[in-house]
Structure formats: C-alpha cells, structure tokens
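Notes for the one structure printed next.
Derivation of every value follows stated rules applied to the coordinates shown; laboratory data play no part. Remember, predicted model here, so these are calculated numbers, not experimental data. Reconstructed Cβ throughout: ideal geometry from the backbone, glycine too, with neighbour counts over all protein chains shown.
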Amino acid sequence: MVTTPAAPTHEHLDALLSARGRNAPAAAITDPRSSANYISFIYGFPDRQSLPNSTVIEATQHALEKHGDWALQYGKTTGVAELVNVLLAKLRRDQHFVAGPENLMITAGGSQALQLVLDLLVDPGDVVIAEAPTWMGFIDALNNVGGRLVTVPLDSSGLDTDALEATLDQLAAEGTPPKFIYVISNFQNPSGISTTAERRKRIAELAAAHGTLVLEDDAYHDLRFEGDHIPSIYSLDRAGYTLYLGTLSKIMGAGMRIGWLLGPETIIQRIAQLKIDGGTNIFGSFVAAEWIPDHLDEHIETLKAIYGKRRDLMIESLERHMPQGTSWTTPEGGFFIWLTIPESVDTRLMLPHARERGVEYLPGETCYTDGRGKNQIRLAFSFAEDERIDEGLRILGEVIRGELLESSGNWRPA
Ligand SMILES: Cc1ncc(COP(=O)(O)O)c(C=O)c1O
C-alpha cells in the first residue's frame with residue numbers, strides 16, 4: 001500500500017517560515033494553458049502560433065552536435081560564452097552599447113535579473129522608486145525582499161522626471177534615499193507608454209546626482225512596430241549608474257527562460273557571488289546561441305507584423321465597443337493597452353463576470369500598491385487570436401456597461 005506522508009499543519013509550518021516566506025504576497029499563479037480557455041487579455045504571454053518551433057528543433061540539433069558534452073554540463077555562473085557573445089553583438093549593433101563580456105550576466109529570464117538586483121541592493125525597509133502604475137511582477141519581487149515602493153507618476157511622455165526629482169529630493173531630506181529607480185522605458189507594462197529620450201537622459205542625470213542606480217527594464221525593446229527607436233537610458237548614461245535588463249521571452253520563447261543583465265563589471269561580479277545555480281539554462285543557452293544569428297532578425301520582423309496588426313484590431317474594437325467615458329493608450333510596440341473606465345466600476349470585482357462570459361483581463365489595481373487603478377484594466381493583445389479580439393472586446397464592453405448600469409441609476413449607455 002502506498003501511503004502519503006502527512007503534511008505539517010499550518011501552525012507547524014508558520015513556526016518554520018522565514019519573514020520573507022510568511023509575508024510573501026498572494027501572487028497569481030499564471031498558466032497559459034488555462035488562459036487558452038478564454039479570450040484572454042490578462043497576461044503578457046507571447047502569441048502561440050508564432051513560436052519558432054521548427055527552427056528551434058534545428059538549432060537544438062546543431063547545438064548538441066557541436067557542443068553536446070558542454071551543453072548538458074554545468075556552466076559558467078555569468079553565462080555560456082557563446083550566448084554572451086551573440087547577445088553583446090546584437091546589443092552593440094542595435095543599441096550601440098559599449099559593453100564586454102564582463103558587463104553581462106545571463107539570467108533565468110528578466111525576472112531573475114530583477115530578483116538578483118533586489119537581492120544585491122535591497123534590505124527590508126529600503127526604498128525603491130518605480131513608475132505608477134508598474135509591472136506587478138516587480139511589485140511582488142520587491143515585496144518579497146521587504147522593500148518599500150515609492151512611486152512617481154507617468155504621463156503620455158513616460159516617467160515624469162520633475163516628479164522624480166522632487167521625490168529624490170524629498171527622500172534625501174527624509175534620510176531614506178532609494179536603492180534604485182526601476183524604469184520600463186519602452187512600451188511600459190502596463191501602460192504601453194514609452195519614456196522620451198529627453199526624459200531618459202534626465203533620469204540618468206538625476207540618478208547620478210543622487211548617487212542611486214537605475215534599473216532599466218527593456219523587455220519589449222525589439223517589438224516596436226511603429227515610430228523610431230529611442231536611445232536607452234543605459235546608452236545615455238555617461239556616469240555608469242544604469243543596469244539594463246533584457247529577455248528572450250518575448251522575441252524567441254518565454255519557455256527558454258533566458259534573459260540578461262548588463263551593468264558595470266563590479267556590480268555584475270557581485271551579483272555572480274549571489275547566484276549559486278551552476279549556470280542559467282546551459283542547454284537553452286547553447287540552443288539560443290545557435291538560433292539567434294540565423295533566425296532572430298527575421299523572426300522579430302514576423303512578430304512586429306503580428307503584434308502591430310493585433311494592436312490595430314484592438315484599437316478598432318475598443319472604438320466600436322467601449323462605453324462613453326472610457327479612454328485608452330495607443331502603444332507603438334510591446335504587448336499592452338491601458339484602459340481607464342468610469343470610476344464607479346471596480347475592475348477586480350468585475351473580472352469574475354467577464355470570465356463567466358469567456359473573457360479575462362488584468363485588473364488595474366494589481367499594478368499599484370496603494371489601491372489606485374480600481375477603474376483601470378491592462379489589456380494584453382499578445383495572446384488573443386486576431387479572429388477573437390473583436391468578440392472579446394464586445395463582451396468586455398457589455399460587461400462594463402452592465403456594471404455601470406448597476407452602479408448608477410443615472411448613468412445611460414452611450
Ligand atoms: C516589464 C517586464 N519585465 C520583465 C519581464 C520578465 O519576463 P521574463 O522573466 O519572462 O524574461 C516581463 C514579463 O512579462 C515584463 O513584462
């Protein structure tokens with residue numbers, strides 16, 4: 001007979017937990033497979049049909065033929081040299097980064113790069129500045145280390161640098177300077193907004209003047225389907241106060257779990273001391289190093305066409321189906337549109353109603369830490385199929401109208 005050992009009771013477990021374990025927020029456990037049951041606008045999952053399965057099979061074969069004995073071995077903590085070199089060449093070509101292997105670390109997605117930066121810099125109670133709204137993954141990761149979030153608003157030109165300056169001054173006066181400023185410079189998650197070049201330059205200057213660091217998260221950099229590239233904070237920073245994070249998740253495959261962190265050698269070395277995993281996804285790194293030179297550029301062009309078309313479909317359908325008093329951003333790239341609806345609706349409470357009708361989205365409140373965003377929604381247009389977008393937004397429009405009618409006797413649908 002097979003017996004399962006008894007699980008410890010809650011009281012036993014509580015006594016064993018660290019402060020971090022005890023205080024960990026109830027983060028959503030995301031599963032793209034369950035989102036496939038909905039017309040899903042909830043998470044930034046890449047488009048399923050465009051994942052480059054067949055070329056990855058070829059690259060895997062080549063990687064094993066060439067490097068079989070090393071591809072299935074432990075690897076260097078900072079990353080497989082072949083992949084480091086391929087990524088550096090791309091970053092130099094596309095973004096004119098001046099960086100060598102000593103400046104780059106391969107990580108398990110951009111998420112691990114972020115976690116390592118937090119581990120390196122943040123003790124419980126330490127302040128970190130971010131945009132409001134910001135990526136919920138960052139909010140959760142900061143909570144996990146006990147950091148305190150201080151936010152700076154965004155407007156249509158990106159992070160408000162006057163507000164940043166005032167916040168930095170105030171924190172300095174209070175004796176709680178921030179450990180770093182977290183900025184998603186392109187097609188921000190969740191707003192879709194990009195920060196202008198002038199403001200990027202100013203962010204770098206302010207960080208240097210205040211002796212703090214910038215963590216520039218550029219997860220969506222390559223997915224610009226409209227307008228010109230804007231130089232990154234990393235390349236505008238003359239004083240070396242910026243760390244830069246990128247990922248293969250949105251341009252090759254999120255299942256690769258490969259990202260990177262760029263920064264001054266001293267910081268990369270320190271982070272390497274904290275990273276005790278025997279190297280990040282060595283096998284996948286060899287595969288990616290084979291795949292990128294042959295396929296990445298062409299694949300990015302394909303993705304830009306797919307996501308650009310999807311953004312257009314979204315905007316057309318929003319215009320068709322959203323009630324009066326609703327506004328939204330129009331991103332030039334990336335995965336997200338940020339929707340603001342009349343204030344009487346609580347989008348977290350509305351989500352189950354939308355799900356009952358087969359549609360899901362991310363409630364805006366998850367992108368703040370202070371209860372704001374109740375009447376906002378992040379719509380990811382990356383995962384829903386073209387043919388279902390209009391239907392999904394028609395249903396969402398109806399659900400919002402229903403809530404508005406319920407919440408106000410005076411409100412009349414447009
Ligand atoms: C702004 C931002 N940064 C980082 C990431 C990290 O992604 P990954 O860990 O898959 O590289 C994401 C993913 O959704 C993101 O939206």
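Numbers at a glance
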read-out	value
HN-Hα J in Hz across segment 267-272 - Karplus 6.51, -1.76, 1.60, θ = phi - 60°, x for Gly and Pro	6, 4, 4, 4, 5, 4
Cβ-derived FRET efficiency at R0 22 Å, Glu385 paired with Arg33, nearest 0.05	0.90
Length-normalised contact order of the chain in % [C-alpha pairs under 8 Å, at least 6 apart]	23
Approximate spin-label separation His229-Glu174, in nm, with each point projected 7 Å along Cα-to-Cβ	3.8
Subset of Lys66/Lys250; Lys179/Lys201; Lys250/Lys374; Lys76/Lys304; Lys76/Lys250 violating a 30 Å alpha-carbon distance limit	Lys76/Lys304
For segment 361-371, Karplus couplings with θ = phi - 60° (6.51, -1.76, 1.60), whole Hz, Gly/Pro x	8, 9, x, x, 4, 5, 9, 10, 10, 10, x
Reach of Lys275 by Cα under 16 Å, taken over aspartates and glutamates that are not fewer than 8 positions away in the same chain	Glu102, Asp119, Glu265
At R0 = 25 Å, FRET efficiency that the Cβ-Cβ distance of Ser50 and Trp70 yields, to 0.05	0.25
Cβ-derived FRET efficiency at R0 30 Å, Ala272 paired with Ser18, nearest 0.05	0.80
Peptide ranges 96-106, 35-45 listed from the most packed, as the mean C-beta count within 10 angstrom indicates	35-45, 96-106
